[in-house]
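Engineer: To start, I am sharing the structure in question, which I have written as structure tokens.
Bear in mind that the values in this text are calculations on the coordinates, not laboratory data. Quick caveat, the model's predicted, so the values are computed rather than measured. Cβ placement follows ideal geometry from the backbone for every residue including glycine, while neighbour counts extend to all protein chains displayed.
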Amino acid sequence: PDETGDSIYNGADDDASGTAVMLEVAEAMASLEDPPRRSLLVLAVSGEEKGLLGSRWFVENPTIPIESIVANINLDMVGRNAPDTIVVIGQEYSTLGEVVLEVAGRHRDALGLTVAEDPWPEERFFFRSDHFNFARQEIPALFFFAGTHEDYHRPGDEVDRIDADKTARVGRLVFLLAHEVADDARAPRWDREGLAKVRELTGRN
């Protein structure tokens, strides 16, 4: 329990924030009269804290051919910290990084968001969320993440501490990014150095 006696870990940021954004993006995409040329698979997995178990199960037992998945966008803790910045981890590894920066730049005034590179490389967050299992399958991946805070893995991770405005703007950026990727005839590509680095990091060399 915390100092108030609360022992319930509600996980408002970790990861109800990412799940809420995922559901809103899915609803917005499904409402389009003119959908993008590619389908989008919306996936909520469990067991991340126990070793990325849900995403590992999915990539080992995919419901669609794994080779048909051209990109993974992972949303994990996007509801707090710097109100006008969202960290996107993995930009340097593939053309997805260029796409998210281009989309964010094109809509900067409307979104009021800056996309930042990983400022905590020593924390090895690239290994610690569900996009990692997709990267192990050499599927280009991005990880949207606003960083940890004093309520990380604690009872204080409550909904009243969520920055709802920021979370909504992150959702709009994710929608725009997903639509851009899904409607592009070209699939995202690893760059040569990025793929070599990911293979090294994931032990696939």
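Engineer: Of everything in the range 187-201, what is outside any helix (DSSP H, G or I) and crowded, with 17+ Cβ neighbours inside 10 Å? Give them in sequence order.
Structural biologist: Matches in the range 187-201: P188, W190.
Engineer: Out of E138, E180, I need the residue that is farther than 18 Å from D76 by Cβ, in a helix (DSSP H, G or I) and not hydrophobic (A, V, I, L, M, F, W, C). Which one?
Structural biologist: That would be E180, the only listed residue that is farther than 18 Å from D76 by Cβ, in a helix (DSSP H, G or I) and not hydrophobic (A, V, I, L, M, F, W, C).
Engineer: Can you tell me which residue is surrounded by the most Cβ atoms within 10 Å (Cβ to Cβ) among those in the range 139-151 that are within 30 Å of G194 (Cα to Cα) and more than 13 Å from the chain's Cα centre (by Cα)?
Structural biologist: I139
Engineer: So, one more: Just the residues that are polar (S, T, N, Q) and touching a helix residue (DSSP H, G or I) at 6+ places or on another chain (Cβ under 9 Å), please, taken from the range 9-67.
Structural biologist: Across the range 9-67, the qualifying residues are N10, S17, S39, S46, S55.
Engineer: Something else now. Can you pull out the residues in the range 123-182 that are among the polar types (S, T, N, Q) and under 21 Å from S94 (Cα atoms)?
Structural biologist: Correct list: S129, N133, Q137.
Conditions (1) under 23 Å from H179 (Cβ atoms); (2) exposed (fewer than 12 other Cβ atoms within 10 Å of the Cβ); (3) aliphatic (A, V, I, L, M), marked per residue:
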{"site": "E27", "(1), (2), (3)": "yes, yes, no"}
{"site": "A30", "(1), (2), (3)": "yes, yes, yes"}
{"site": "E33", "(1), (2), (3)": "yes, yes, no"}
{"site": "D76", "(1), (2), (3)": "yes, no, no"}
{"site": "R80", "(1), (2), (3)": "no, no, no"}
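Engineer: How about the range 11-61: which of its residues are among the aliphatic types (A, V, I, L, M), over 22 Å from A135 (Cβ atoms) and touching an Asp or Glu at 6+ places or on another chain (Cβ under 6 Å)?
Structural biologist: A12
Engineer: Please identify the pairs in which a residue from the range 105-131 that is touching a residue at least 40 places away in the same chain (Cβ under 8 Å) and surrounded by 12 or more Cβ atoms within 10 Å (Cβ to Cβ) has its Cβ atom under 8 Å from the Cβ atom of a residue that is assigned to a loop (DSSP other than H, G, I, E, B) and among the charged types (D, E, K, R), counting only partners at least 6 apart or on another chain.
Structural biologist: Short answer, once both residue conditions are applied: G112/D84; L113/D84; F126/D118; S129/D76; D130/D76.
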